[in-house]
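Below: one structure, written as structure tokens.
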Amino acid sequence: MSDTQSAPHPEKLNYRTVQFLTSAPTLAECPPDNGAEVAFAGRSNAGKSSAINALTGNSKLARTSKTPGRTQLINFFSVSDQQRLVDLPGYGYAKVARSMKDEWQRHLAFYLEKRQCLRGLVLLMDIRQPLKEFDLHMLTWAVESGLPAHILLTKADKLKNGPANNTRFAVEKALKEQGLDTGVTVQIFSSTKKTGLDKLERKLNAWLALEQ
């Protein structure tokens, strides 16, 4: 799943027209497994919904919650008939029974392992708390599966440019040291200030290109 097979200048998609498609509690209820999808994942406080809303220019598209971890469904958004963004369940702070948490993590694993049209994983981390246990699990899975991953270090507006860039360099160094840098890219991002939005769009355009 190398980016080297991508077209040199992939089609520039219009994320402002993205619409909610459906929610699925299990793999069996996901839309047909064709076309191209990019999944967004992250701990419950990583700002995943805010990033999707910033990307699409629609503050109500992906629900943001005062209680992190309430979304337990795989949410699909259509970019076109054959191109989708996928909002995966947040992880970390959900106040739900352990059995329910295990159940939805199992469905999440099934999706990541079985979904043939999945082209890439956008993994969001709070820039002030990167590379937590869940993040490392996700990256290990992506690298071992050969699935490209793009890390968004979110809430970069909480730091000045110098410290933000230092964190990015530290994350890249840590990934290399742990052998988790194959097919993995890292960028700084802020939903509120739209920092890094153009870079995220370029990555998505390349992954969602239908002719690869």
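Where a number appears in this text, it was derived from the coordinates with a stated rule and is not lab data. Note that the coordinates shown come from a computational prediction; the quantities given were computed from them, not determined experimentally. Cβ atoms come from the backbone with ideal geometry, glycine included; neighbour counts cover every protein chain shown.
Residues of segment 31-47 falling in the label zone of residue 141, defined by backbone nitrogen less than 13 Å from a point 7 Å along Cα to beta-carbon, are 39-43. If I model segment 3-208 as equal point scatterers sitting on the Cα atoms and use the Debye formula, what is log10 I(q)/I(0) at q = 0.13, 0.18 Å⁻¹? Here log10 of I(q) over I(0) equals -0.68, -1.42. Along segment 84-89 the Karplus relation, 6.51 cos²θ - 1.76 cosθ + 1.60 evaluated at θ = phi - 60°, assigns HN-Hα couplings of 9, 9, 10, 9, 7, x Hz to successive residues, with x for each Gly and Pro. With the simple model of a label 7 Å out from the Cα in the direction of the Cβ, residue 131 to residue 81 spans 4.5 nm. All C-alpha pair distances within segment 154-212, sorted into 10 Å bins from zero, spread as 21, 41, 32, 6 percent across the bins. Spin-label pair residue 192-residue 59: with each label point 7 Å from Cα along the Cα-Cβ axis, the two points sit 1.3 nm from one another. Computed from label points 7 Å out along Cα-Cβ, the spacing between residue 106 and residue 211 is 4.4 nm. Were the residues from residue 160 through residue 73 laid out at 0.36 nm apart, the gain over their Cα-Cα distance would be 27.8 nm. Calculated on the alpha-carbon coordinates, the convex hull of segment 105-207 measures out at 102 cubic angstrom per residue.
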